[in-house]
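The values are calculated or read from the model by the stated rules, or taken from the named source; none is laboratory data. This one's a predicted model, so the numbers in the text were calculated from it and none came from an experiment. Note that each Cβ is placed from the backbone with ideal geometry, even for glycine, and that neighbours are counted across all protein chains shown. In case anyone asks, the SASA skips ligands and DNA or RNA and just uses the protein heavy atoms, side chains included. Shrake-Rupley method; radii C 1.70, N 1.55, O 1.52, S 1.80 Å.
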Amino acid sequence: MEDYKREFVEFMVESDVLKFGDFTLKSGRRSPFFMNAGAYVTGQQLHRLGTYYAKAIEASFGLDFDVVFGPAYKGIPIAVATAIALDELFGKEVRYCADRKEAKDHGADKGSLLGATLADGDRVVMVEDVTTSGKSIDETYPKLKAAADVEVVGLMVSLNRQEVGKGGEKAAIDEISDKYGFPTASIVTMSEVTSLLHNHEVAGRVVIDDDCKAAIDAYYERYGVR
């Protein structure tokens, strides 16, 4: 596993973004882990988050693109932090863009998008925290295509939960790729997280002990991608 991936897993735990226990998800599934990117709240955390996204994007998609797009709301700070990090790490100047949940009908920046104005031919990388159903992409991808004839180079998420999506066979991130025809990737997968953290201390504590590992294994027996 690459060093930045190892660092990112520990960073999620240290930031209380990735937690282990007993959680009920929006889908109704009871999960032994939960991720909340809204817990990145400090300047240092957002700076580090952007560097991990930038490194993963460069490794997965390269740097031949023009815009980083973040679906509202959690995708907006991710897009901004990633754009900054791409400049810092690679000298790559990109624009950022995001969508609004409700279109603005007044002022100079009317419409459903904020940030950079999209133009025909723009190559776009989308960034999200985690994809469990693909709902946000279903909502935002049509907005992108309606704004301009853009090409989506790929979608990068923090964590691939590796559980079945709406179709019941593939992971949600793979369903998105199949549906829209662009590649998808994650900074880390849940299997990488589990492998690294099982009986491994982070900030002086073990977050995945044997009991937690057994609960994760049982969860994937039921909901994991076969």
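Figures for the structure shown
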quantity	calculated
Residues of segment 26-47 that turn out to be open to solvent by less than 80 Å² (accessible area, probe 1.4 Å) and not in a loop (DSSP other than H, G, I, E, B), as a count	11
Search result, residues across segment 125-152 that are over 18 Å from residue 52 (Cα atoms) and assigned to a strand (DSSP E or B)	151, 152
Matching residues in segment 110-141 - criterion: being open to solvent by 50 Å² or more (accessible area, probe 1.4 Å) and more than 16 Å from residue 96 (Cα to Cα)	110, 132, 135, 139
Matching residues in segment 203-226 - criterion: being over 24 Å from residue 27 (Cβ atoms) and either crowded, with 17+ Cβ neighbours inside 10 Å or basic (Lys, Arg) (or both)	205
Check on residue 144, more than 22 Å from residue 46 (Cα to Cα), crowded, with 20+ Cβ neighbours inside 10 Å, out of contact with any Asp or Glu (no Cβ under 7 Å at 6 or more places or on another chain) and modelled with pLDDT of 90 or more	yes
In segment 168-199, residue farthest from the chain's Cα centre (by Cα) [restricted to those that are assigned to a loop (DSSP other than H, G, I, E, B) and within 23 Å of residue 4 (Cα to Cα)]	199
Residues that are in contact (Cβ under 8 Å) with a residue 40 or more places away in the chain, crowded, with 24+ Cβ neighbours inside 10 Å and in contact with a Gly (Cβ under 9 Å, 6 or more places away or on another chain), drawn from segment 69-82	69, 70, 78, 79, 82
Which numbered condition residue 53 misses (of (1) open to solvent by less than 10 Å² (accessible area, probe 1.4 Å); (2) modelled with pLDDT under 95; (3) within 20 Å of residue 154 (Cα to Cα))	(2)
Pair list, Cβ under 6 Å, 6 or more apart: segment 112-129 residue touching a residue at least 60 places away in the same chain (Cβ under 8 Å) and of a type outside the set (Val, Ile, Thr), other residue surrounded by 22 or more Cβ atoms within 10 Å (Cβ to Cβ) and part of a strand (DSSP E or B)	129/158
Boolean, residue 157 is open to solvent by 10 Å² or more (accessible area, probe 1.4 Å) and not in a helix (DSSP H, G or I)	no
Pair list, Cβ under 6 Å, 6 or more apart: segment 2-25 residue part of a strand (DSSP E or B), other residue open to solvent by less than 10 Å² (accessible area, probe 1.4 Å) and at pLDDT 95 or above	18/12; 20/33
